[in-house]
Amino acid sequence: MSAARLPTQSAVDIRSHRKPSAPARRQELELKLTDLQQNYAELRTEIFVAAQVHRRLCAPRHLCFGNFEVASEIFAVRHLPGDLFTVQQQHDGVVFALGDICGKGLAAGMWTTHLVGLLGARMAVTTTLEGIVAGVNRDICLLKSFMPLASLFIAKLDPSTGLVKYSSAGHPPALLLRANGELELLSDGGMLLGVVAAAPYACGSFLLGQGDVLLVYSDGITESQNCAGEEFGSERLEDELRRAADIPGDRSAETQTPAQQGRTADGVLFSVLGAVQDFAAACPLVDDMTLAVIRRDS
């Protein structure tokens, strides 16, 4: 009786490296796909939660201080906006700030929380806008290369008088539309935040009278493009502000309907945003867009 033959080493190696059957391979791929889908769902949930945190850090979409209205809206081009708009009531006035972190996406969105924190910390120790902006700028410069550059428009409103003081750190000029139709550009301030630690910042002031409208925006508004590659631009923005505000001087008061006279801050905000969206049509956003309107009721 002959001894049973043992499989050779080569036969064992071949069987151990044999490809899995088609059903087994299909099951393996389905398991991997299920894991990927679960990870993607969890990531979307985390991004949604982060967006809600950002929303809570920023001002509510509509606020009133006496006969002053403040309306704002933020649109993100990717996941989280790198823009912010905050409003804080202090004993000597109301401070509102619109900031824009250079860049877009999750990284820029995460830095907005830090900028909000820096603003809050500086507002707690000084009441002057020059001091707040200069302090935030120094704080950012201390981070060296970690934090990207940022622009900022900050203003303090005295609701009892309508006096507004402001400072712009490399931000697009805010638009002040007077009730008589005159338009002023507000650009007093200094350079972008995070460039030079000892950079000086100036402060401008104006009186927000009855029926006047102040519009502050991030450059995503003016840089919004249509399908032909044209930018919305500052000239169109000025024209749309006049049209949205329905202020006599741009359009005769006799030709206005009661609904058009004395448009609310909300009405101006969504009219301008609608014009930007109509201009861009189906083209995707180029950058985060933020718009804030402050209006004194007439």
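The values are calculated or read from the model by the stated rules, or taken from the named source; none is laboratory data. None of these values were measured; they are calculated from a predicted model. A quick note on method: Cβ atoms are made from the backbone with ideal geometry, for glycine too, and the neighbour counts reach across all protein chains shown. Side chains are part of the model used for accessible areas, which takes the heavy atoms of the whole protein and leaves out ligands, DNA and RNA. Shrake-Rupley method; radii C 1.70, N 1.55, O 1.52, S 1.80 Å.
Let me check I've understood the local charge: for His91, count other residues with C-beta under 12 angstrom from its C-beta, Lys and Arg +1, Asp and Glu -1. What total comes out? Write out the running numbers ahead of the final one.
On the way: positive: Lys156; negative: Asp92, Asp158.
Spelling it out: positives minus negatives among the neighbours equals -1.
Once R0 is set to 25 Å, what does the formula 1/(1 + (r/R0)^6) return for the Cβ-Cβ distance between Cys227 and Ala107, expressed as a FRET efficiency to the nearest 0.05?
Values: r = 28 Å, r/R0 = 1.14.
Using R0 = 25 Å, I get an efficiency of 0.30.
Rounded to the nearest 10 Å², what accessible area does Glu30 show when all protein chains are kept and the probe is 1.4 Å?
Only protein atoms counted, so the area is about 90 Å².
If you take every residue apart from Lys32 with its C-beta less than 15 Å away from the C-beta of Lys32, what net charge results, scoring Lys and Arg +1 and Asp and Glu -1? It would help to have the intermediate numbers written out before the result.
Numbers: positive: Arg25, Arg26; negative: Glu28, Glu30, Asp35.
Residues near Lys32 contribute -1 overall.
Round to a whole number: what % of the accessible area of region 137-228 belongs to carbon and sulfur, probe 1.4 Å? The partial results should precede the final answer.
On the way: 2070 of 3660 Å².
Carbon with sulfur: 57 percent of the solvent-accessible area.
Cα atoms only: what Rg and Dmax, in Å, come out for region 126-209?
Expressed in Å, the Cα Rg and Dmax of region 126-209 come to 14.1, 46.
If you average the alpha carbon positions of region 108-145 and of region 271-289, how far apart do those two centres end up, in angstrom?
30 Å
Hey, can you grab everything whose amide H is under 5 Å from the amide H of Ser224? Only 5+ residues off in sequence or another chain; H modelled, so Pro and N-termini drop out.
Under 5 Å from the amide H of Ser224: Phe232, Gly233.
Express the accessible area of region 54-97 per residue in Å², computed with a 1.4 Å probe while the remaining protein chains stay in the model. Please report the intermediate quantities before stating the final value.
Working: 1940 Å² over 44 residues.
About 44 Å² of surface per residue is accessible.
Which peptide among 123-132, 31-40, 155-164 comes first, and what is the full order, when sorted by highest mean count of other Cβ atoms within 10 Å? The partial results should precede the final answer.
Working: 123-132: 16.1, 31-40: 10.0, 155-164: 18.3.
Going by the mean number of other Cβ atoms within 10 Å, highest first, we get 155-164, 123-132, 31-40.
Students often check this: by mean Cβ neighbours within 10 Å, which of 98-111, 165-178, 266-279 ranks highest, and how do the rest follow?
Details: 98-111: 20.9, 165-178: 22.4, 266-279: 18.1.
Order by mean packing, descending: 165-178, 98-111, 266-279.
Just to check I understand the Karplus step: with θ = phi - 60° and J = 6.51 cos²θ - 1.76 cosθ + 1.60, what whole-Hz values come out for region 64-81, glycine and proline as x?
These are the phi-based 3J(HN,Hα) values: 9, 10, x, 9, 9, 9, 10, 10, 8, 8, 10, 10, 9, 7, 9, 6, 10, x Hz.
Note down the net charge around Ile101, summing +1 for each Lys or Arg and -1 for each Asp or Glu among other residues with Cβ under 9 Å from its Cβ.
On the way: positive: Lys104; negative: Asp83, Asp100, Asp288.
Here the charged neighbours net out to -2.
If each of Ala198 and Ser160 carries a label point 7 Å out from its Cα toward its Cβ, how far apart are those two points in nm?
Result: 3.9 nm between the two label points.
Need the list of aspartates and glutamates near Lys32 for cross-linking: C-alpha distance under 16 angstrom, and skip anything on the same chain fewer than eight residues off.
Glu42
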